Amino acid sequence: HTGVSEVSRSLRQPKLICCGTRMPLCKTLIHSTSTCLQGFRVRCNKLIAACTTVSELQQLVQRYGSKMDQGHLAACIIKLAKLQDASQQQRDSRFQLLQQLWQLLQPKLQQCRSRELANPIWAVCKLKPQCLASNVTTGDRTWHSVVLQQLVDRFIQQLSSDKPQHISMVLHSTAAVGYQLSKEQVQQLLVHLLQNPNNAAPQAFSNGLWAAAKMQHKLEPELLQQLVHTFVAKLQAAKHVETQAVVNVLWAVATMGRYVTAVPQLVDVVLKQLQTRELKPQDVSNTLWAMATMGQRLPDHQLQQLLCGLLAVLDKATPQHIANSLWAVRSAGQQIEESQLQQLLSAFVGMKGTATPQNIANTLRG
């Protein structure tokens, strides 16, 4: 990290160091040698990385933006999304800078590689609140949704070069902010994941399935089976397993109203995790909810393990975690031990100030 001083110093200087010599920026860009161009790219990347405020990034773009390539512009958009809001003025200027960066990047979309599309998609999703607060529209659509559509469309057009982590990022970030891809687009991206399984981490499949369910798409049974079974195979080869990734797959399958033969294996993975570490209350309640929603009855010993896991982290639970767990057990036609029920109800009553009517209804039904 080069610090604020380097950015400020560089912005004050009328010349840019390139190829180890000092020469005016205009001459640097006209100079035909690849060494000079590479020097500018490297220097520009360092300056982008060194920016610590929106104001610094804005000055950098104003000075060098027209000379930046698509990689630099994508990096600027990512930096903009990562910078912390230090003042209301900075928050207000974010959207204006994002618009300026988009105007520069849009003509270069055809030259963008998957990384230079996936990362800006993530950043634009992260900046959604600032975009919506601006009230800028294109026709009857928000500026945010129009830009996302163009980025996603271009990303899908060049799928052959997309890495699994980029597909995962696009699906997860768009779903997380409520941006709706079509079922055809989602399935196209997920099929591409299956075509490159060796380079994909388990998280990529989990994110993809979660996103499809979040967007309320019911995947074709054969595709869903393939994705879940590939996910299980990746889990078996993984050195580390994120419990939430497994639970999200269970949640996605249940949300789609489906059932796959690998479900018991997924539950086994969750229970194995429970033997070595504490689970989050959400992981336990979502596992119970998913099994009940799929109409699956857990063996009593597995149910007990999950309930004990929930009681162990009851101080971290929310009313929804307790309500969903009680509803799930009741829906599956199973019973909770009296002492466990009392602990859960007592905790819920203590949280009633934050419970929603739906939480209360589910608890009463449980």
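At 1.4 Å probe size, put Thr318, Thr276 in order of accessible surface, largest to smallest.
Thr276, Thr318
Please work out the C-alpha center-to-center distance from segment 227-284 to segment 94-160 and express it in whole Å.
The distance from the Cα centre of segment 227-284 to that of segment 94-160 comes to 33 Å.
For segment 90-131, what does the accessible surface come to per residue with a 1.4 Å probe? Please give it in Å².
For segment 90-131, the per-residue accessible area is 44 Å².
Based on Cβ point charges of +1 for Lys and Arg and -1 for Asp and Glu, what charge dipole magnitude is obtained for segment 174-294 about its Cα centre, in debye rounded to the nearest 20?
The calculated dipole for segment 174-294 is roughly 120 debye.
Between Glu184 and Tyr259, what is 0.36 nm times their sequence separation minus the Cα-Cα distance? Round to one decimal in nm.
Difference between extended and current length: 24.9 nm.
For Val228, what charge total do you get from the other residues with a beta carbon under 12 Å from its beta carbon, if Lys and Arg give +1 and Asp and Glu give -1?
Computed value for this residue: +1.
Would you mind calculating the relative contact order of segment 69-206 from Cα pairs under 8 angstrom and at least 6 residues apart, reporting the percent as a whole number?
For segment 69-206, the relative contact order is 26 percent.
Mind putting a number on the dipole of segment 121-243 about its Cα centre? Charges go on the C-beta only, +1 for Lys and Arg and -1 for Asp and Glu, and I need it in Debye to the nearest 20.
For this selection, approximately 260 debye.
If you roll a 1.4 Å probe over the heavy atoms of the protein chains, what accessible area per residue do you get for segment 227-366, in Å²?
I get 48 Å² per residue for this part.
What accessible area, in Å² to the nearest ten, does a 1.4 Å probe give for Thr293?
60 Å²
Quick one: grab the alpha carbon gyration tensor of segment 223-305, order the square roots of its eigenvalues as a ≥ b ≥ c, and give me rounded if a/c is under 1.5, else prolate or oblate depending on whether a/b is larger than b/c.
Oblate, since a/c reaches 1.5 and b/c is not below a/b.
Net charge near Val170: determine it from the other residues with C-beta under 12 Å of the C-beta of Val170, scoring Lys and Arg +1 and Asp and Glu -1.
+1
Working out 0.36 nm times the residue gap between Ala237 and Val136, then minus their Cα-Cα distance, what length gain in nm do you get to one decimal?
Fully extending the segment from Ala237 to Val136 adds 31.6 nm.
For segment 333-342, just list the computed ³J(HN,Hα) in residue order, Karplus coefficients 6.51, -1.76 and 1.60, θ = phi - 60°, integers in Hz, with x standing in for Gly and Pro.
x, 10, 10, 9, 4, 4, 5, 5, 4, 4
Is the shape of segment 257-352 best called rounded, prolate or oblate, per the rule: a/c under 1.5 gives rounded, else a/b larger than b/c gives prolate, else oblate, with a ≥ b ≥ c the square roots of the Cα gyration tensor eigenvalues?
It comes out prolate by the Cα gyration axes.
Taking 8 Å as the Cα distance limit and 6 or more residues as the minimum spacing, I'd like the relative contact order of segment 213-366 as a percentage.
About 21 percent, as a whole number.
Rounded to whole Hz and in sequence order, give me ³J(HN,Hα) for segment 111-124 from the Karplus expression 6.51 cos²θ - 1.76 cosθ + 1.60, θ = phi - 60°, writing x for Gly and Pro.
Coupling constants for segment 111-124: 8, 6, 7, 4, 5, 6, 10, 5, 5, x, 4, 4, 5, 5 Hz.
Could you check the simple spin-label distance between Asn196 and Gln304, using points 7 Å along Cα→Cβ, in nm with one decimal?
4.7 nm
Using a Förster distance of 45 angstrom, determine the FRET efficiency expected from the C-beta separation of Gln216 and Lys46, and round it to 0.05.
Working from the Cβ atoms, E equals 0.55.
Once a ≥ b ≥ c are taken as the square roots of the eigenvalues of the Cα gyration tensor of segment 142-240, is the result rounded (a/c under 1.5), prolate (a/b larger than b/c) or oblate (a/b not larger than b/c)?
Prolate, because a/c is 1.5 or more and a/b exceeds b/c.
If you roll a 1.4 angstrom probe over the protein chains with everything in place, what fraction of the accessible area of segment 241-289 belongs to carbon and sulfur, to the nearest %?
The value for segment 241-289 is 47 percent carbon and sulfur by accessible area.
The values are calculated or read from the model by the stated rules, or taken from the named source; none is laboratory data. Since we're looking at a predicted model, the values are computed, not measured. All Cβ positions, glycine included, derive from the backbone under ideal geometry; neighbour counts span all protein chains shown. In case anyone asks, the SASA skips ligands and DNA or RNA and just uses the protein heavy atoms, side chains included. Shrake-Rupley method; radii C 1.70, N 1.55, O 1.52, S 1.80 Å.
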